[in-house]
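Scroll down for the structure; my scribbles are underneath it.
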Protein chains: 2
Amino acid sequence: MTSEQYSNLDLINLVDSFPSAATHPISHAERLGELSILAHNTRTLGYILPSVAAVLKDTKLSGTHWGFAGKVITLTGETAEERSENIRETAQSWRENGIFGILRGWRNELYTVYSPKGHEYFKLERSACPLFGVVHLTAYTTSPLKIWVPRRNPAKPTYGGLLDNTVAGGISSGMSVFETLVKESEEEASFPGSLIREKAKAVGHVSYFYQRMETAGGEEGLLQPEVQYVYDLEVGNDVIPKPCDDEVQDFHLMDVEQVRKAVSLVRGKYDIYIVLLDFFIRHGIITPENEPDYLEIGSRLHRLLEFPTW
Amino acid sequence: MTSEQYSNLDLINLVDSFPSAATHPISHAERLGELSILAHNTRTLGYILPSVAAVLKDTKLSGTHWGFAGKVITLTGETAEERSENIRETAQSWRENGIFGILRGWRNELYTVYSPKGHEYFKLERSACPLFGVVHLTAYTTSPLKIWVPRRNPAKPTYGGLLDNTVAGGISSGMSVFETLVKESEEEASFPGSLIREKAKAVGHVSYFYQRMETAGGEEGLLQPEVQYVYDLEVGNDVIPKPCDDEVQDFHLMDVEQVRKAVSLVRGKYDIYIVLLDFFIRHGIITPENEPDYLEIGSRLHRLLEFPTW
């Protein structure tokens, strides 16, 4: 990637970087051949890199907490609680021994991983999810026409000073999608809950399969299939977002051209622009006439993931 | 399928019925094992049923017009014109000999099939190539949100009397997406071109891989991967669609509940509801709270197809 300006498809390629079984069956099969599979019965819950599988087999806890059968790895435990405790002990011991750099970003926040039937299969510390390649859910808002774009706090260890989506946050275990949206809107933009409940409109989701780059922090190549629930929030001139927690430095009201330029020039946290690409398609800004890769972009923004959700 | 009322996911399953390589790798591999591949170099242009491949090998023209190497079938000809002529002669001879029922619906309308690089690879009579690119337009009025729904002419041989999308039409060879939209809007709903050019807004596409059912006419199981470019048209009370050609009997202004009920009860031309499901998701009518299969539906409405487009 030497060009100064990224096309929309370049951004998709950076973010939806795991090969597709439909369009690239050979690369997909080769990639899959290198990975171990975290499985329940015959269903895939996640993919595990060889480097992580090797550490897992070598962990003291592997005999009691994990099962190994060729490429297939299983987490032992009869109930969701037992499995959550087993994987927590494993991740905790890696953290204490400084084994994976990504665990230095430990959040004390649990994500839920679902069984093939959509029930809770186990809970897992958020920062450890890419080690097991399990799905991550995010709720977002975007404000039409002009877009309120926050600049991240320059003091943040990840992507300090870069632009971001208006509001976004991971869905913690036990929270619904909409509750998460209300909570994050208050925390990140000082939007009152009543505004979100009245005006935020569900408009679909985006999903993609990210192989983490070095700039994401932690080990390169960790697997991060992601789902983001997307909401539009149309606000008048009287509604102005204000930073509340320390995530955001300030908000800028940018027109579409300013945002598109920022998107195509950016270096770094590419995945934050995925929601904007979907916004541009839904609002007739990216069209079949001005975007030669319209169909591929629209489909890859909604990748069908092979992992269960609820 | 015994239930009287179809869920949204039931409708998706009826229409996006070819197994997915990502979520159902075993069924996908088995299905692929049965099929021949129409290919150019190493890229798949289409899949061919065993019943069609057998006829193709048996056709007098097979020696000059077609190449066979195991599962891989190629169309001979150095240029798009030569390939178009070779496939036209093949389809024409089948039509004359009454070999495939689906060719009784011959339209004298050409569709373009694209090369892996997005150039024209050949043109093919519409009825013979359930392949690519049909525009579907949904027109709706706001406050309250209502949708203009046409009832198809009961005298039509296919799906007579059933509800349909406001305006829809296949993209003929040489026509752009937007030109097709303008033309079909005039022909099917008497919408003036100026209204469409001013107000129709591109809002994305839907794509899926349909295995034709008996009710679709012609041979059962024929493979029909489809792409539909979707536009929203917001109109005031002064704009009323009127039938112009013989496709439509009359238009009804239906509220969302009436349309949803019609969708969930319908028998027959399921694919016309795909565009409405996407509309319901984009407009916050189907939400993560009221639709347990929200993610699967949203992803399968945008299936990444393994065939080239432009």
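The values are calculated or read from the model by the stated rules, or taken from the named source; none is laboratory data. Because the structure is predicted, anything quoted here is derived from the model rather than measured. Cβ coordinates were reconstructed from backbone atoms using ideal geometry, including for glycine residues, and neighbour counts include every protein chain displayed. For accessibility, only protein heavy atoms count, side chains too; no ligands or nucleic acids. Shrake-Rupley method; radii C 1.70, N 1.55, O 1.52, S 1.80 Å.
Taking the Cα centre of region A:35-130 as reference, the dipole from Cβ charges on Lys and Arg (+1) and Asp and Glu (-1) amounts to some 300 debye.
Per-residue ellipticity at 222 nm from helix content only, as computed over the protein assembly as shown with -39500 (n - 2.57) for each DSSP H run of at least four residues, stands at -9000 deg cm²/dmol. Chains B and A together bury roughly 2900 Å² of accessible surface, counting both sides and using a 1.4 Å probe on protein heavy atoms. Shielding by partners for peptide B:17-26, expressed as the average number of C-beta atoms from other protein chains within 10 Å of each residue's C-beta, is 4.
Show log10 I(q)/I(0) for region B:28-88 at q = 0.12, 0.27, 0.29 Å⁻¹, two decimals, from a solvent-free Debye sum over equal Cα scatterers. Listed by q, the Debye log ratios stand at -0.28, -1.26, -1.37. Under the convention that each Lys and Arg Cβ holds +1 and each Asp and Glu Cβ holds -1, the size of the dipole of the protein assembly as shown around its Cα centre is about 720 debye. Name the residue farthest towards the positive end of the dipole of region B:134-300 from the options B:Val149, B:Gln258, B:Leu163, assuming +1 on Cβ of Lys and Arg, -1 on Cβ of Asp and Glu, about the Cα centre. Final value for the positive-end residue is B:Gln258. Applying 0.36 nm per residue to the separation of B:Ser7 and B:Glu214 and subtracting their alpha-carbon distance, the gain on full extension is 72.4 nm. Computed on region B:134-300, the Cα convex hull volume stands at 122 Å³ per residue. Here the Kirkwood formula puts the hydrodynamic radius of chain B at 20.6 Å, using every distinct Cα pair.
Taking the centroid of alpha carbons for each part, region B:234-259 and region A:1-60 are 47 Å apart.
Ranked from shortest, the separations from the 7 Å Cα-to-Cβ label point of A:Leu253 to its equivalents in the other copies are 3.4 nm. Counting protein heavy atoms only, the protein assembly as shown has 51 percent of its accessible area on carbon and sulfur, 1.4 angstrom probe.
What aspartates and glutamates does A:Lys60 reach when the alpha-carbon gap must be under 14 Å and sequence neighbours fewer than 8 apart in one chain are set aside? Those aspartates and glutamates meeting the cut-off are A:Glu89, A:Glu96.
The residues neighbouring B:Glu247, those whose beta-carbon lies less than 11 Å from its own, together hold a net charge of -3 under the Lys/Arg +1, Asp/Glu -1 convention. Taking N as the residue count of the protein assembly as shown, its C-alpha radius of gyration divided by 2.2 N^0.38 Å amounts to 1.01.
Along the positive direction of the dipole of the protein assembly as shown (beta-carbon charges: Lys, Arg +1; Asp, Glu -1; about the Cα centre), which of A:Leu276, A:Thr59, B:Leu301 reaches farthest? Looking along the dipole axis, the top candidate is A:Thr59.
Here's the picture: charge each Lys and Arg Cβ at +1 and each Asp and Glu Cβ at -1 in region A:35-130, and of A:Leu35, A:Thr74, A:Phe122 the one pushed furthest to the positive end of that dipole is A:Leu35.
Annotation: per residue accessible area for region A:35-130 equals 49 Å², rounded to a whole number [probe 1.4 Å, protein chains only]. Would you give the gap between the C-alpha center of region B:159-193 and the C-alpha center of region B:67-114, rounded to a whole Å? Region B:159-193 and region B:67-114 have Cα centres spaced 25 Å from each other. Plainly put, the tip 7 Å out from Cα toward Cβ on A:His24 is 2.5 nm from that tip on each other copy, the closest given first.
Rounded to the nearest 10 degrees, the inclination of helix A:256-265 to the longest alpha-carbon principal axis of chain A is 40 degrees.
The calculated FRET efficiency for A:Gln92 paired with B:Ala80, based on their beta-carbon distance and R0 = 60 Å, is about 0.45. Per residue, the average separation of C-alpha pairs within less than 8 Å and at least 6 apart gives chain B a relative contact order of 22 percent. Charge dipole of chain B (Cα centre as origin; +1 on each Lys and Arg Cβ, -1 on each Asp and Glu Cβ, all else neutral): 380 debye, rounded to the nearest 20. Distances between equivalent label points of B:Gly98 across the copies, with each point positioned 7 Å along Cα→Cβ, amount to 8.4 nm, shortest listed first.
In a fully extended conformation the segment linking A:Lys71 and A:Cys244 would gain 57.7 nm over its present Cα-Cα distance, using 0.36 nm per residue. The label point for A:Lys57 and the one for A:Asn290, both projected 7 Å from the Cα toward the Cβ, are 5.3 nm apart.
Averaging 1/r across all pairs of distinct Cα atoms in region A:35-130 and inverting the result yields a Kirkwood radius of 13.5 Å. The reciprocal of the average 1/r between distinct C-alpha atoms defines the Kirkwood hydrodynamic radius, which for region B:164-263 equals 15.5 Å.
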